[in-house]
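Asker: Next up is a structure, given as structure tokens.
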Amino acid sequence: MTIPFLDLRAGYVELKSEIDAAVARALDSGHYILGPEVEAFETEFARYAGAGQCIGVGNGLDALILSLRALDIGPGDEVIVPSHTFVATWLAVAAVGARIVPVEPDAGTMNIDVTRLAQALTPATRAIIPVHLYGQPADLGPILALARAHGLRVIEDAAQAHGARYRGRPIGAHGDLVCWSFYPGKNLGAFGDGGAVTTDDAVLAERLRALHNYGSSRKYVNDEQGLNSRLDPIQAAILRVKLRHLAEWNDRRRAIARFYLDGLAGSGVTLPTVPDWCDPVWHLFVVQDEGRDALQARLASLGIGSLIHYPIPPHRQKAFAELGFAPGDLPIAERLARTVLSLPMGPQLSLDDAGRIVDAILRR
């Protein structure tokens, strides 16, 4: 593609000298599991996210699974999740044996519709997992109020929201636990898999530190059956470098998003709705269009990359066939799967290239 959907190599080239030095430092340290690089990143990322604690883990899915386990959620419990999300949100609930209860999104923000939450509650409900989808915070105020009123836990899926703010406060510790992915394409991305959990709850943090390390708080002493899910020190060293540049890179994304929002107004595509109480970081810029497939093909013919997030909603995946959902059961999620298209977005995308993308859509 002349304009790729995301150019990961360009991000490396921009920070090459800093990243190479960080990797060399990590290799030279002799600490290849946990150790000072991981500890330093945990401290720095907790501060960035406005949280008291950060626990580095192997990936974003593990962050969700470990968080559910830390809250003793399992068989017999119900967990509310968005119907429109990446499949990992659902996989985590299934992994602990709890029942998945999907709630439809608001069609404009594409985040979970908080007006539908109360009707999803049952005596078995234990937790809500709001997803800050595409880098835009979910409406946490009503979610947290409902959770407090019913004694529920809130686990935020912030895999796409590094640096986002809700009512002026960084995403990172609004709920009981906040789960992060550092997959390479994220706003804060490693050069492999990585993840973390942030929280203000020191007791939960202590349990997570054991759970992600074989259930061991002291070497060879296993208090419970945990996982081997530890952030790699080399990835931690890389993330420390990229964290220093994250605010600037997010500002570049915001500039591109503003350009798209202005340039595509009246174009016929449905643009994302941004409430005035949130400050998104535009992990993705997702439009909706009834002629999505034709639009994607036109962009491709002009050398412009795009992706669909996500073409098959979780309830229609074979992996969840046993849940018994039929076509039409979650119509908003299904309509989004037919109409969403993610345009190129990233800190290395130039405004000139963004202009070519806007022009291609206007001239279709």
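Asker: Filter segment 96-139 for residues that are closer than 19 Å to Arg69 by Cα, buried (at least 16 other Cβ atoms within 10 Å of the Cβ) and over 14 Å from the mean Cα position of the chain (by Cα) and give the result.
Answerer: Of everything in segment 96-139, those that are closer than 19 Å to Arg69 by Cα, buried (at least 16 other Cβ atoms within 10 Å of the Cβ) and over 14 Å from the mean Cα position of the chain (by Cα) turn out to be Val96, Ala98, Arg99, Ile100, Val101, Thr125, Arg126, Ala127, Ile128.
Asker: Could you tell me whether any residue of segment 31-40 is touching a Gly at 6+ places or on another chain (Cβ under 9 Å), crowded, with 18+ Cβ neighbours inside 10 Å and either at pLDDT below 95 or closer than 22 Å to Ile171 by Cβ (or both)?
Answerer: Looking through segment 31-40, at least one residue is touching a Gly at 6+ places or on another chain (Cβ under 9 Å), crowded, with 18+ Cβ neighbours inside 10 Å and either at pLDDT below 95 or closer than 22 Å to Ile171 by Cβ (or both).
Asker: Something else: In this structure, does Val96 turn out to be under 26 Å from Leu284 (Cα atoms) and without any contact (Cβ under 8 Å) to a residue 40 or more places away in the chain?
Answerer: No: the conditions fail for Val96.
Asker: Answer yes or no: is there a residue in segment 285-301 that is assigned by TED's automatic domain parsing to the domain that holds Arg167, aliphatic (A, V, I, L, M) and not in a helix (DSSP H, G or I).
Answerer: No, that holds for no residue.
Asker: With the requirement that a residue be touching a Leu at 6+ places or on another chain (Cβ under 6 Å) and assigned to a helix (DSSP H, G or I), what does segment 1-43 give you?
Answerer: Val38, Phe41
Asker: Any residue that is at pLDDT 95 or above and assigned to a helix (DSSP H, G or I) - is there at least one of those in segment 119-129?
Answerer: yes
Asker: May I pose another question? Asp201 - would you say it is surrounded by fewer than 20 Cβ atoms within 10 Å (Cβ to Cβ), assigned by TED's automatic domain parsing to the domain that holds Cys54 and modelled with pLDDT under 95?
Answerer: It is false that Asp201 is surrounded by fewer than 20 Cβ atoms within 10 Å (Cβ to Cβ), assigned by TED's automatic domain parsing to the domain that holds Cys54 and modelled with pLDDT under 95.
Asker: Criterion first (surrounded by fewer than 17 Cβ atoms within 10 Å (Cβ to Cβ), small (Gly, Ala, Ser) and either over 23 Å from Pro184 (Cα atoms) or touching a helix residue (DSSP H, G or I) at 6+ places or on another chain (Cβ under 6 Å) (or both)) does Ala333 satisfy it?
Answerer: no
Asker: Determine if segment 169-176 includes at least one residue that is touching a Gly at 6+ places or on another chain (Cβ under 9 Å), charged (D, E, K, R) and surrounded by fewer than 21 Cβ atoms within 10 Å (Cβ to Cβ).
Answerer: Checked against the condition, which is being touching a Gly at 6+ places or on another chain (Cβ under 9 Å), charged (D, E, K, R) and surrounded by fewer than 21 Cβ atoms within 10 Å (Cβ to Cβ), segment 169-176 yields at least one hit.
Asker: I've got another one for you. When both residues are 6+ apart or on different chains and their Cβ atoms are under 6 Å apart, which pairs have a first residue that lies in segment 58-73 and is farther than 12 Å from Val178 by Cα, and a second that is basic (Lys, Arg)?
Answerer: Ala70/Arg207; Leu71/Arg153; Ile73/Arg126
The values are calculated or read from the model by the stated rules, or taken from the named source; none is laboratory data. Values in this document were obtained by computation on a predicted structure and should not be read as measured data. All Cβ positions, even for glycine, are placed from backbone atoms using ideal geometry, and neighbour counts span all protein chains on display.
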